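What follows is a single structure, written as structure tokens, with notes after it.
The values are calculated or read from the model by the stated rules, or taken from the named source; none is laboratory data. Fair warning: this is a prediction, and the values are worked out from it, not measured in the lab. Because the Cβ atoms are built from the backbone with ideal geometry, glycine has one as well, and the counts that use them run over all protein chains shown.
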Amino acid sequence: MDVSRFSNRYLVRRVGENDIEEIYALCGGNELYYKFCPPFVTRQSIADDMKALPPNKEAFDKYYLGYYDGDKLIAVMDFIMGFPDEKTAFIGFFMTDASVQNTGIGSRIIRDLCSCLRDNGLARIRLGWVKGNPQAGHFWRKNGFAETGETYGTDNYTVVAAQRVL
Ligand SMILES: CC(C)(COP(=O)(O)OP(=O)(O)OC[C@H]1O[C@@H](n2cnc3c(N)ncnc32)[C@H](O)[C@@H]1OP(=O)(O)O)[C@@H](O)C(=O)NCCC(=O)NCCS
């Protein structure tokens, strides 16, 4: 998958260990998210997330991505191609830099992603948000995602599953 086509506006590339400091700064500015989805981010949790895979998936299908406006990292996305089935893409994590939030950037990124995936024959995107997080729920609903009715319990919170048909 050529991820540079994920956005018409921003540079998109796979990020790695050398980018952790910058990602950590972006994530650390989003306290509300970690209130609903503890524990608070660490450099190690980012490194772990970069390698984490859902069941039966290979590293090949995983894209831990940075979105750049010039040199500035403005968003991070953990993207899995073909999960839970071949025609479905899965967003494990999506976060924009707090300094650029509420200006439409997140919605633009998702809009461009949807049209790119649709052009590539994908049928839907799945994701989850932590039940009760007003920012996440509002954002995904506004961007055409609807609850599937499934929820996943963890020790600390409940995840609401949602999807958008492309
Ligand atoms: C959710 C997130 C990605 C949105 O990014 P963004 O660049 O601000 O996106 P947009 O500007 O396109 O839209 C933001 C919307 O959220 C709304 N919003 C922001 N804070 C909110 C809050 N506390 N409660 C309810 N809605 C909120 C804004 O009003 C806006 O909606 P509107 O256009 O209807 O007014 C960003 O807030 C973020 O990174 N949050 C932390 C991580 C997170 O929750 N990720 C999603 C779950 S994986």
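Across region 61-71, what is the total count of residues that are surrounded by fewer than 18 Cβ atoms within 10 Å (Cβ to Cβ) and more than 12 Å from the ligand (Cβ to nearest atom)?
The total comes to 4.
Is it the case that some residue within region 140-155 is away from the ligand (no atom under 12 Å from the Cβ), modelled with pLDDT of 95 or more, in a strand (DSSP E or B) and of a type in the set (S, T, N, Q)? Yes; the residues of region 140-155 include at least one that is away from the ligand (no atom under 12 Å from the Cβ), modelled with pLDDT of 95 or more, in a strand (DSSP E or B) and of a type in the set (S, T, N, Q).
A quick yes/no check of all residues on (1) among the polar types (S, T, N, Q); (2) touching an Asp or Glu at 6+ places or on another chain (Cβ under 7 Å); (3) touching a residue at least 12 places away in the same chain (Cβ under 8 Å); (4) away from the ligand (no atom under 16 Å from the Cβ):
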{"position": "Ile20", "(1), (2), (3), (4)": "no, no, yes, yes"}
{"position": "Asn30", "(1), (2), (3), (4)": "yes, no, yes, no"}
{"position": "Phe36", "(1), (2), (3), (4)": "no, no, yes, no"}
{"position": "Val41", "(1), (2), (3), (4)": "no, no, yes, no"}
{"position": "Leu73", "(1), (2), (3), (4)": "no, yes, yes, no"}
{"position": "Asp85", "(1), (2), (3), (4)": "no, no, no, yes"}
{"position": "Ala89", "(1), (2), (3), (4)": "no, no, yes, no"}
{"position": "Asp97", "(1), (2), (3), (4)": "no, no, yes, no"}
{"position": "Ile109", "(1), (2), (3), (4)": "no, no, yes, no"}
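Among the candidates Tyr33, Tyr68, Tyr24, which residue alone is hydroxyl-bearing (Ser, Thr, Tyr) and within 14 Å of the chain's Cα centre (by Cα)? Give the steps one after another, and end with the answer.
Details: Tyr68 fails: within 14 Å of the chain's Cα centre (by Cα); Tyr24 fails: within 14 Å of the chain's Cα centre (by Cα).
Only one candidate passes the filter, namely Tyr33.
Within region 118-130, the set of residues being touching a Lys or Arg at 6+ places or on another chain (Cβ under 9 Å) and more than 16 Å from the ligand (Cβ to nearest atom) comprises Asp119, Asn120, Gly121, Leu122, Ala123, Arg124.
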